[in-house]
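The values are calculated or read from the model by the stated rules, or taken from the named source; none is laboratory data. All figures in this text were calculated on a predicted structure; none of them were measured in a lab. Note that each Cβ is placed from the backbone with ideal geometry, even for glycine, and that neighbours are counted across all protein chains shown. We work out accessible area using only protein heavy atoms, side chains counted, and drop any ligands, DNA or RNA first. Shrake-Rupley method; radii C 1.70, N 1.55, O 1.52, S 1.80 Å.
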Amino acid sequence: REDCRDRGATMVMPRDKDELDSLNKSVRKPTRHFWIGLSVPVPGMGWTWVNGSHPDWSRFQQDLGEGRGACGALKGGRIDPRTCDTGLQWICQTESAQI
């Protein structure tokens, strides 16, 4: 999060399965994990994006459930729950600017 913030960005928050697939194609590393802006910040609060909103799991065609890891990573077009201390690369996003 800090690295993305230092770049004037946030960790990526895909809106649906299509965006996950697009990200997966962009990174061209389908077997690697990349952190995205999803976590369980407080046990029992459920999965939360870095902006404080909750994912609409019907748009992702999956449900992570609880207790299998507290941070979300992209792997192969899916969100994979991982323990937050796992050393992975991450993906940042910025808002587009109108010119």
Failed condition for Thr48, given (1) open to solvent by less than 90 Å² (accessible area, probe 1.4 Å); (2) hydroxyl-bearing (Ser, Thr, Tyr); (3) in contact (Cβ under 8 Å) with a residue 12 or more places away in the chain, with all others met? (3)
Restricting attention to region 56-92, which residues are assigned to a helix (DSSP H, G or I) and either touching a Cys at 6+ places or on another chain (Cβ under 7 Å) or surrounded by 15 or more Cβ atoms within 10 Å (Cβ to Cβ) (or both)? none
So Asp56 clears everything in (1) closer than 26 Å to Ser96 by Cβ; (2) in contact with a strand residue (DSSP E or B) (Cβ under 8 Å, 6 or more places away or on another chain) except one condition, right? Which one? (2)
Which numbered condition Val27 misses (of (1) more than 12 Å from the chain's Cα centre (by Cα); (2) free of Cβ contacts under 8 Å to residues at least 24 places away in the same chain): (2)
Top-ranked residue of region 9-40 - restricted to ones that are modelled with pLDDT under 90 and open to solvent by 60 Å² or more (accessible area, probe 1.4 Å), ranked as farthest from Gln93 (Cα to Cα): Thr31
